[in-house]
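The values are calculated or read from the model by the stated rules, or taken from the named source; none is laboratory data. Predicted model, so just to flag it, every value in this text is computed and none were measured. Note that we place each Cβ from the backbone using ideal geometry, even for glycine, and neighbour counts take in every protein chain shown.
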Amino acid sequence: MSKRLNFLLLSLAIVSNLAASQEMPEHPSLVGSWEGPLVIGRDSTNLAFTFSIQEGEYAAALISGGMGIYGMPADTVRVDGRNITIRIPRLDLEFTGTIRLNESGDEIIRIDGDWFQYSEMVPVVLLPVDQPTF
């Protein structure tokens, strides 16, 4: 009986350790402004997404002086692990990106993404900024 109990406790401890080691730590917060250049053909403009938390979910607003947009809210903001999707149907716009962390995994250093608009896809790299520069 005592061997069975010891075996059961040992098995439980091993399973608990395996489960704990497989949990993915949540990445740092996206809250704040993320800015980068949008280059379409020969035209270039800066754009920024400002993320906030509203009712426990991420929200985002687009800012781009070159496009005359100053705080247009996104209709959809989805964060799934390190993947981000932002949709603004009024502009026929979708941004999909991947969060990149520093080596220790405690800070987001950039968001590598793709800007989809009017059947065009343009790569965009967003970097953290205190405030959008435009």
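For the reader, a short list of remarks on this structure follows.
- Just one residue in the set G97, G105, G71 is modelled with pLDDT under 95 and of a type outside the set (S, T, N, Q); that residue is G105.
- Tally, over region 23-45, of residues that are at negative phi, surrounded by fewer than 17 Cβ atoms within 10 Å (Cβ to Cβ) and part of a strand (DSSP E or B): 6
- Subset of region 94-115 (residues that are aliphatic (A, V, I, L, M) and loosely packed, with under 14 Cβ neighbours inside 10 Å): I109
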